[in-house]
Amino acid sequence: MRTQVGIIGAGPAGLLLSHLLHLQGISSVVLEARSRKEIESTIRAGVLEQGTIDLLNDTGLGERMMREGAIHTGTELRFAGQGHRIDFLALTGKKIMLYAQHEVIKDIVKARLEAGGEILFEVENVTLHGLESSAPTIRFRYDGEPVELQCDFIAGCDGYHGVARPALPASMHTEYQRSYPFGWLGVLVEAPRSSEELIYAYHPRGFALISTRSVTVQRMYLQCDPHDDLANWPDHRIWEELHARTELNDGWRLKEGRITQKNIVAMRSFVTEPMQYGRLFLAGDAAHIVPPTGAKGMNLAVADVRVLSHALGDYYTSGSSDRLERYSAICLRRVWKAQRFSWWMTTLLHHDDNASPYDLRRQLADLDYVTSSRAAATTLAENYVGLPMED
Ligand code: RFL
Ligand code: PHB
């Protein structure tokens, strides 16, 4: 088999890259370990930045999102029994969209398949070869048969646990990371919305986030121990904590419903530098991870593949490798700012049992500052709606 760009992983990064390449007349094959059904039903992110919304619309992927997604012009920070609105639109002129990651995935898969794009699902034993040469290959098993895919370039879009990053020679890369003593217990709930906008709540019992998927399905998260077991979280305990952590002095109360799904995720910050080696380019979670508090992960994946698609476009139209050589440097400037923001939102809003009384007072001052100073609220807002995407 032969293609111009071999793409490993059909998450937002890999699928969008193949679409953006197709629009420039560049061929690709996407190799995905899981089934189509699985990637189209895994519950993950929900917030799209203004730049992500614009990119999806500009490339013909936004039709269902604009119909079914919900535009939000602000968010609420809640602590000490009071809510404070951060007005994104007034502070930055920009908005965000609540539209689930698996819906974005469904839309891109459909567009790719309708355009005759090749996505091979349930591939096994993917290995990368000849990264230093101008003709790298990807070997894998498909339908039980061994296959070799010859490419000009390989895009490693296979997430944090994929095989592309480990194929980089360790001596030429540096990994930066930080873990947090926090996990998120996420639930899907069949209930009406309790609030028009997302609520990020700090409480001495821990962080809580009230998000949404539709008028009838809500997404909620609770800070928990990252090693906690779901068996410790019967529904009544989840509701008790959600109510306690989101309560307001005016008697507002979260609407309950049937919990249909529960999971626990650990929080981590991670960056590998550089994000490329020879003919291999990493994009999205394969290269960097952020804790979900800033809602940045999927948006970073989108920004990376936008840069990569432009750089590959340059190569195929003019033969110039200049932008490809600068790919990692271009992405990392924005990646590190998203790292900073995600770290800051996480430490601002979570309760650390080991924090000193001094640190807890300082944290409350930080919350008070960001909700009372227009300058501070603007820095939160401009990061949340997304810093400019660079070329
Ligand atoms: P993905 O989505 O992990 O996709 C990688 C794909 O590669 C496949 N794969 C392989 N395929 C072939 N061979 C192999 N050896 C393979 N190994 C892996 C996998 O099956 C998978 O299909 O990476 P990508 O495309 O970089 O996208 C990243 C995003 O998924 C991620 O950053 C976001 O979900 C993070 N995130 C959020 N991001 C946002 O922008 N806004 C949010 O509101 C937001 N909320 C969240 C989140 C992540 C969360 N979790 C579950 C950690 C909320 C949560 C709870
Ligand atoms: C979500 O709706 O899943 C969501 C929203 C905001 C975040 C993280 C996740 O910061």
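Does I238 meet the test of being touching a residue at least 12 places away in the same chain (Cβ under 8 Å) and either part of a strand (DSSP E or B) or closer than 16 Å to A295 by Cα (or both)?
Working: touching a residue at least 12 places away in the same chain (Cβ under 8 Å): yes; either part of a strand (DSSP E or B) or closer than 16 Å to A295 by Cα (or both): no.
Answer is no for this residue.
If the condition is being aromatic (F, W, Y) and surrounded by 14 or more Cβ atoms within 10 Å (Cβ to Cβ), then the stretch 334-372 contributes W336, F341, W343, W344.
Determine which member of the set P169, P146, P192, P204 is more than 19 Å from the chain's Cα centre (by Cα) and without any contact (Cβ under 8 Å) to a residue 40 or more places away in the chain. None of the other options fit; the residue is P146. Set side by side, the residues Q363, Q339 differ, and just one is assigned to a helix (DSSP H, G or I), away from ligand 2 (no atom under 16 Å from the Cβ) and under 30 Å from I199 (Cα atoms), which is Q363.
The residues of the stretch 272-308 that are closer than 21 Å to I108 by Cβ, assigned to a loop (DSSP other than H, G, I, E, B) and of a type outside the set (G, A, S) amount to a single one, K296. The number of residues in the stretch 154-169 being buried (at least 24 other Cβ atoms within 10 Å of the Cβ) and in contact with an Asp or Glu (Cβ under 9 Å, 6 or more places away or on another chain) comes to 3.
For S269, the stated conditions do not hold, so it cannot be described as within 20 Å of the chain's Cα centre (by Cα) and not in a strand (DSSP E or B). If the condition is being surrounded by fewer than 20 Cβ atoms within 10 Å (Cβ to Cβ) and either within 16 Å of ligand 2 (Cβ to nearest atom) or in a loop (DSSP other than H, G, I, E, B) (or both), then the stretch 51-60 contributes T59, G60.
Where strands (runs of 3 or more DSSP E) fall entirely within the stretch 173-217, those with at least 3 residues that are closer than 16 Å to R258 by Cβ and within 12 Å of ligand 1 (Cβ to nearest atom) are at 174-190.
Residues that are closer than 14 Å to G386 by Cα, surrounded by 24 or more Cβ atoms within 10 Å (Cβ to Cβ), more than 9 Å from ligand 1 (Cβ to nearest atom) and modelled with pLDDT of 95 or more: does the stretch 299-318 have at least one? Taking every residue of the stretch 299-318 in turn, at least one turns out to be closer than 14 Å to G386 by Cα, surrounded by 24 or more Cβ atoms within 10 Å (Cβ to Cβ), more than 9 Å from ligand 1 (Cβ to nearest atom) and modelled with pLDDT of 95 or more.
Search the stretch 121-141 for residues being within 11 Å of ligand 1 (Cβ to nearest atom) and surrounded by fewer than 18 Cβ atoms within 10 Å (Cβ to Cβ), and hand back the single one that is farthest from the chain's Cα centre (by Cα).
Of the residues in the stretch 121-141, the ones within 11 Å of ligand 1 (Cβ to nearest atom) are 121-128, 138, 140-141.
Going one step further and asking which of them are surrounded by fewer than 18 Cβ atoms within 10 Å (Cβ to Cβ), we end up with 121-122, 124-125, 127, 141.
Numbers: F121: 22, E122: 23, E124: 25, N125: 26, T127: 25, R141: 29 Å.
Among residues in the stretch 121-141 that are within 11 Å of ligand 1 (Cβ to nearest atom) and surrounded by fewer than 18 Cβ atoms within 10 Å (Cβ to Cβ), the one farthest from the chain's Cα centre (by Cα) is R141.
Checking each residue in the stretch 1-44 for being within 16 Å of ligand 2 (Cβ to nearest atom) and crowded, with 24+ Cβ neighbours inside 10 Å picks out G11, P12. Within the stretch 88-120, the set of residues being surrounded by 15 or more Cβ atoms within 10 Å (Cβ to Cβ) and outside any helix (DSSP H, G or I) comprises K94, K95, I96, M97, L98, Y99, A100, G117, E118, I119, L120.
Report the residue count in the stretch 164-208 for those that are out of contact with any Gly (no Cβ under 8 Å at 6 or more places or on another chain) and among the aliphatic types (A, V, I, L, M). Total meeting the criteria: 9. I'm told D152 meets every condition in (1) more than 14 Å from ligand 2 (Cβ to nearest atom); (2) within 30 Å of G74 (Cβ to Cβ); (3) of a type in the set (D, E) except one. Can you identify the failing condition by its number? That leaves (2) as the condition not met.
The values are calculated or read from the model by the stated rules, or taken from the named source; none is laboratory data. Nothing here was measured: the structure is a model prediction, and the numbers come from that model. Don't worry about glycine lacking a Cβ; one is built from the backbone with ideal geometry, like all the others, and counts go over all protein chains shown.
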